[in-house]
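Here the structure comes first, spelled out in structure tokens, and everything after it is commentary.
The values are calculated or read from the model by the stated rules, or taken from the named source; none is laboratory data. Quick caveat, the model's predicted, so the values are computed rather than measured. Here the Cβ positions follow ideal geometry from the backbone for every residue, glycine too, while neighbour counts run over all protein chains shown. Quick note on the areas: whole protein, heavy atoms, side chains included, nothing else; ligands and nucleic acids left out. Shrake-Rupley method; radii C 1.70, N 1.55, O 1.52, S 1.80 Å.
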Amino acid sequence: MRKYLSVGITAFALTSGFWMGPVNAAEMYLTDQGHTEIRVSWSHAGVSIQTAEFDKSSGELSLDKDNVENSSINVTIDTNSLSSGFDALDTHLKSADFLNVEKYPEATFKSTSIVKTGEKTADIVGDFTLHGVTKPITLQATLTHLGEHPVGKFLDYYKGNWIAFSATTEIDHQAFNVGSYSTGPISIEIVTEMKQEN
């Protein structure tokens, strides 16, 4: 199963109407690795679009339904978990030519603000650190679920409250000193399910 970044990034479709569910202020949610995908895609010299994903990531969301501006999300990505399905490409992308995962084993996102943009959408602004460089980025997020997980009727693991969302953004990889000879933006898509911590 391919997993694409997007970083939990956020339950963020934070509209008052969205938070009418069984959620209390300042509740903590943790990403479920089996249902979190962080995907990246880029143009290969204008010839084709290539994709890969980070298979390992973790995130935590502190959700305050009464004051969503006080909510926050932090995400950590294992850069060595990048997988394109082609070993030679993976080795090159992890090398010093690009991610240099030996020196920079993690990429992180820490939200700094949340701005509602619709009933189920929001912009999550935060600091993204990649390859030792930190720059602000904005994730366009869409909330897809909040409340009890429907699978909880059948499996105990899914009992309780869950939140799910998708988020997208683009970054200029050269601004993070990742690759000096390729051009064009890197598209990032994050899809995640997060379980409320008891």
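Tabulated data
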| quantity | calculated |
| --- | --- |
| Yes/no for F165 being closer than 22 Å to A52 by Cα and touching a residue at least 40 places away in the same chain (Cβ under 8 Å) | yes |
| The stretch 102-117: number of residues that are among the charged types (D, E, K, R), part of a strand (DSSP E or B) and free of Cβ contacts under 8 Å to residues at least 60 places away in the same chain | 2 |
| Flag if K120 is touching a helix residue (DSSP H, G or I) at 6+ places or on another chain (Cβ under 9 Å), basic (K, R) and either open to solvent by less than 40 Å² (accessible area, probe 1.4 Å) or in contact (Cβ under 8 Å) with a residue 60 or more places away in the chain (or both) | yes |
| Subset of the stretch 85-98 (residues that are at pLDDT 95 or above and either charged (D, E, K, R) or within 30 Å of T121 (Cβ to Cβ) (or both)) | D87, D90, K94 |
| Counted residues, the stretch 111-156 - those being within 20 Å of D78 (Cα to Cα) and not hydroxyl-bearing (S, T, Y) | 11 |
| Any hit, the stretch 97-113, residues being of a type in the set (D, E), touching a Phe, Trp or Tyr at 6+ places or on another chain (Cβ under 9 Å) and closer than 19 Å to T192 by Cα | no |
| Residues satisfying the stated conditions in the stretch 35-64, i.e. over 23 Å from K94 (Cα atoms) and either surrounded by fewer than 19 Cβ atoms within 10 Å (Cβ to Cβ) or out of contact with any Ser or Thr (no Cβ under 7 Å at 6 or more places or on another chain) (or both) | H35, E60, S62, D64 |
| Count - residues of the stretch 65-83 that are within 26 Å of N161 (Cβ to Cβ) and either modelled with pLDDT of 95 or more or buried (at least 18 other Cβ atoms within 10 Å of the Cβ) (or both) | 9 |
| Extreme residue, farthest from E119 (Cα to Cα), among residues of the stretch 138-177 that are part of a strand (DSSP E or B) and acidic (D, E) | E170 |
| Test: residue in the stretch 101-113 that is over 27 Å from S62 (Cβ atoms) and touching a helix residue (DSSP H, G or I) at 6+ places or on another chain (Cβ under 9 Å) | yes |
| Residue in the stretch 93-109 that is hydroxyl-bearing (S, T, Y), surrounded by fewer than 15 Cβ atoms within 10 Å (Cβ to Cβ) and farther than 23 Å from T31 by Cβ present | yes |
| Near pairs, Cβ below 7 angstrom, 6+ apart or cross-chain, from the stretch 136-156 (over 18 Å from S166 (Cβ atoms) and free of Cβ contacts under 8 Å to residues at least 60 places away in the same chain) to any residue that is in a loop (DSSP other than H, G, I, E, B) and open to solvent by less than 50 Å² (accessible area, probe 1.4 Å) | G152/G160 |
